[in-house]
1. What pairs come out if I take residues in region 51-72 that are over 30 Å from Lys13 (Cα atoms) and pair them with residues that are among the small types (Gly, Ala, Ser) and part of a loop (DSSP other than H, G, I, E, B) whose C-beta lies under 9 Å away, six or more apart or interchain?
2. All but one of (1) within 26 Å of Asn98 (Cα to Cα); (2) β-branched (Val, Ile, Thr); (3) surrounded by fewer than 19 Cβ atoms within 10 Å (Cβ to Cβ) hold for Val289; state the number of the condition that does not hold.
3. With (1) touching a strand residue (DSSP E or B) at 6+ places or on another chain (Cβ under 6 Å); (2) surrounded by fewer than 24 Cβ atoms within 10 Å (Cβ to Cβ) as the list, and Tyr363 as the residue in question, which single condition is left unmet?
4. Of all residues in region 350-399, which are closer than 20 Å to Ala329 by Cα, outside any loop (DSSP other than H, G, I, E, B) and of a type in the set (Val, Ile, Thr)?
5. Among Asp294, Asp287, Asp273, which is the only one that is over 22 Å from Ala371 (Cβ atoms), among the charged types (D, E, K, R), not in a helix (DSSP H, G or I) and not assigned by TED's automatic domain parsing to the domain that holds Asn130?
6. Hey, which of the helices (runs of 4 or more DSSP H) in region 97-186, taking only ones fully inside, have at least 1 residues that are modelled with pLDDT of 95 or more and over 19 Å from the mean Cα position of the chain (by Cα)?
Amino acid sequence: MNVKEILTNLETKHPNEKEYLQAVKEVLESIETIYNENPQYESAKVIERLVEPDRIFTFRISWIDDSGNVHVNLGHRIQFNNAIGPYKGGIRLHPSVNLSILKFLGFEQIFKNALTTLPMGGAKGGSDFNPKGKSDTEIMRFCQAFMLELWRFIGPSTDVPAGDIGTGAREIGFMYGMYKKLQQENSGVFTGKGLNWGGSLIRPEATGFGGVYFTKEMLETKNDDFKGKIIALSGFGNVTWGVALKITELGGKVVTISGPDGYIYDEKGLDNDKISYLLQLRASNNDIVSPYADEFPEATFYPNEKPWGVKCDIAMPCATQNELNGEDAEKLIANGVQYVAEVSNMGCTPEAIHEFHKAKILYAPGKAVNAGGVGVSGLEMSQNAMKINWTKEEVDVKLHQIMHSIHVSCLKFGTEEDGYINYVKGANIAGFIKVADSMLDQGVI
């Protein structure tokens, strides 16, 4: 495999899709050696087939607001690879949504889902629709219009969408209600559903909890734990809430959260009341974090800044792609960070990852750290298929097992000769081998 040649061809075919090309480059550079040691991959052109989606659906979504005005948005669904199971991936509703972002997310999802060991392929979807400031009725009309275009191409054994940024239980409910009416079946095709109609316990917390469980495994490689550790988080939504909740339970102290308007530094740390307030903050529809400092005056709000300049033991980006750059990484290293666990998807830029590796800081990528979310989505699919419900404790045990298994795979393929664990290499190789071998088994299709 000639990584440079493949990337040049992709850049020619897909110019300006920087997030997608960044994700592909990271994986190809990690797997190059093992790929070239196995000529069967090259003869079957596994990489050339893997980096291009199976298919992309793009469609117009027309909906009417409460004042009777017509609005038009674009919707997409990218079915990337289904070698190990039905396509699986969230639906993102945010003004920034474009094909590059969705292709990067779908490509990452292939390997993330493979790491869980559950039978799920990789997909992603979404729209440039902004749910902020919209009424429930307007969101319902949009979601129904979205599903009118997508319903024919999804199904419990075909493609199982889920939530993502801007798509929570409310949006999933509206989409699933329309799907069920159009398909005339109650098959549980979405995950992230309400608990009253097929959802799984711990699903809202799963991405955050799973991220903490994986980070706990990272700490244990150094005979360390969360007790007394200072943790910097970004974001203030559902993922950040789950991470803060579990870290606090394990004895760590979360001192930062952030939003588009800046970040909060709370030297005393987030307690249960403050963590609960995050849910109110997210539900306010303002998309700003500054009100936290009004609610808790001991905290300080830093406008238009990121939280990576504070002194901490562990940094966990929880917001969006490329939110932590090389300069941020240098600040964290100078302030004594020991571990970086990426809970957001591709939260760190290549420059930041380079700095962490150079300093021998243990850094783990989102496809490994945040796989607990899709892992519990897979468990929700299993419960729906068997028409049963597992208890919170049963789901939590299975989530622990999934994250432990992912960490073991990362150690197997990422431990270098000097003992340093390259989690990027470990996660990419483990996920790739599972998917590539499945593709070989099924022929060239």
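1. Sorted first by the residue in region 51-72, then by its partner, the pairs are Asp65/Ser135; Asp66/Ser135.
2. So Val289 meets the others, but not (3).
3. (2)
4. Listed by number, the residues that qualify are Ile353, Val369.
5. Numbers: Asp294 fails: not in a helix (DSSP H, G or I); Asp273 fails: not in a helix (DSSP H, G or I).
Matching residue, one of Asp294, Asp287, Asp273: Asp287.
6. Numbers: elements: 99-115, 136-150, 169-183.
Where helices (runs of 4 or more DSSP H) fall fully within region 97-186 and carry at least 1 residues being modelled with pLDDT of 95 or more and over 19 Å from the mean Cα position of the chain (by Cα), they are 136-150, 169-183.
The values are calculated or read from the model by the stated rules, or taken from the named source; none is laboratory data. Not measured: the values here are computed from a predicted model. Cβ sites come from the backbone with ideal geometry, for glycine too, and all protein chains shown count toward neighbours.
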